[in-house]
Amino acid sequence: MPKVRLIGADGEQLGVVEINEALKRAQDADLDLVEVAPNSKPPVTRLLDYSKYKYEQEQKQKQARKHQQQVNIREIKLRPKIAQHDYETKKGHVERFLRHQDKVKVTIMFRGREQAHPERGRALLQRLFEDLGELAVIESQPLQEGRNMSMLLAPGKEAAKADAETEAKPAETEASAAGENPASAEETPAAEEAPAAEDAPAAADEPAVEDADEKVAEETPGDDAAAA
């Protein structure tokens with residue numbers, strides 16, 4: 001008769017017993033006999049409420065995913081002569097990414113004679129950083145590579161605070177729906193939302209690019225002709 005090592009409902013060691021005896025003890029205690037270490041010799045089993053055990057395991061997995069930090073890098077492209085409306089739109093994208101705890105690579109694209117004035121690109125990047133306030137910190141200072149100048153921003157204190165508040169709200173809603181005390185909401189993981197198409201995570205070595213073919217309203221006609 002096969003034997004198993006049996007653990008009681010309270011974690012006590014009940015020794016090595018025959019499988020039939022383990023099943024009888026589970027039946028008498030109105031519990032399930034669950035194999036928790038099948039590769040051990042003999043296999044390890046435990047007396048427990050399987051539905052409760054399964055629920056607890058799922059909660060542990062959700063908590064592990066919740067505390068797992070996946071860093072995504074987004075990219076926003078600007079032109080040195082970007083119109084105010086376009087600037088505000090791009091700044092809004094950067095704010096949204098930072099609030100989601102993503103890093104943002106901001107790239108200034110120079111064309112034609114614009115390359116002779118890199119200071120305009122640095123000024124635009126500095127303006128963006130100042131407008132973001134405590135949402136962002138500069139992780140990599142502006143660096144020019146060919147026709148492009150890039151700066152890497154990371155989430156700041158305000159971004160972390162906003163992200164924490166966003167996670168707390170769904171948790172409170174779940175606790176209220178279940179009739180629980182809102183104080184225990186932190187134990188309920190926030191619902192995971194599928195990212196929108198434009199916010200899809202970029203590969204680690206290939207950041208996502210938005211508006212690569214951006215047209216700038218204030219660009220002077222002479223630049224492209226000079227570049228040609």
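The values are calculated or read from the model by the stated rules, or taken from the named source; none is laboratory data. From a predicted model like this one, the values you see are computed outputs, not experimental measurements. So basically every Cβ, Gly included, is an ideal-geometry build from the backbone, and we count neighbours across all protein chains shown.
Of all residue pairs spaced 6 or more apart or on separate chains, those with beta-carbon atoms under 9 Å, a first member in segment 129-148 that is over 13 Å from K105 (Cα atoms) and among the hydrophobic types (A, V, I, L, M, F, W, C) and a second member that is modelled with pLDDT of 90 or more and in a strand (DSSP E or B) are L132/L153; L135/L153; L135/P155. The condition (being under 37 Å from the mean Cα position of the chain (by Cα), in the same structural domain as E139 (by TED's automatic domain parsing) and basic (K, R)) is satisfied by just one residue among K66, K62, K105, K54: K105. Among the residues making up segment 1-23, none is free of Cβ contacts under 8 Å to residues at least 12 places away in the same chain, under 12 Å from P42 (Cβ atoms) and surrounded by 14 or more Cβ atoms within 10 Å (Cβ to Cβ). Taking segment 108-146 as the range and being part of a helix (DSSP H, G or I), within 27 Å of the chain's Cα centre (by Cα) and either farther than 26 Å from K157 by Cβ or of a type in the set (A, V, I, L, M, F, W, C) (or both) as the test, the residues that pass are L125, L128, F129, L132, L135. K90 passes every criterion in (1) under 17 Å from L132 (Cα atoms); (2) outside any helix (DSSP H, G or I) apart from (2). Residues that are surrounded by fewer than 19 Cβ atoms within 10 Å (Cβ to Cβ), of a type outside the set (G, A, S) and farther than 21 Å from F97 by Cβ within segment 113-139 comprise R113, Q115, H117, P118, E119, R120, R122, listed in sequence order.
For segment 48-105, name all the residues that are basic (K, R) and modelled with pLDDT under 90.
Quick first cut of segment 48-105, residues basic (K, R) only: 52, 54, 60, 62, 65-66, 74, 77, 79, 81, 90-91, 96, 99, 103, 105.
Of everything in segment 48-105, those that are basic (K, R) and modelled with pLDDT under 90 turn out to be K52, K54, K60, K62, R65, K66.
Looking at the structure I just gave you, is G15 at pLDDT below 85 and small (G, A, S)?
No.
Within segment 147-160, being buried (at least 16 other Cβ atoms within 10 Å of the Cβ) and assigned to a helix (DSSP H, G or I) holds for E158, A159.
Candidates E139, E134: the one that is over 30 Å from V34 (Cβ atoms) and in contact with a strand residue (DSSP E or B) (Cβ under 7 Å, 6 or more places away or on another chain) is E139.
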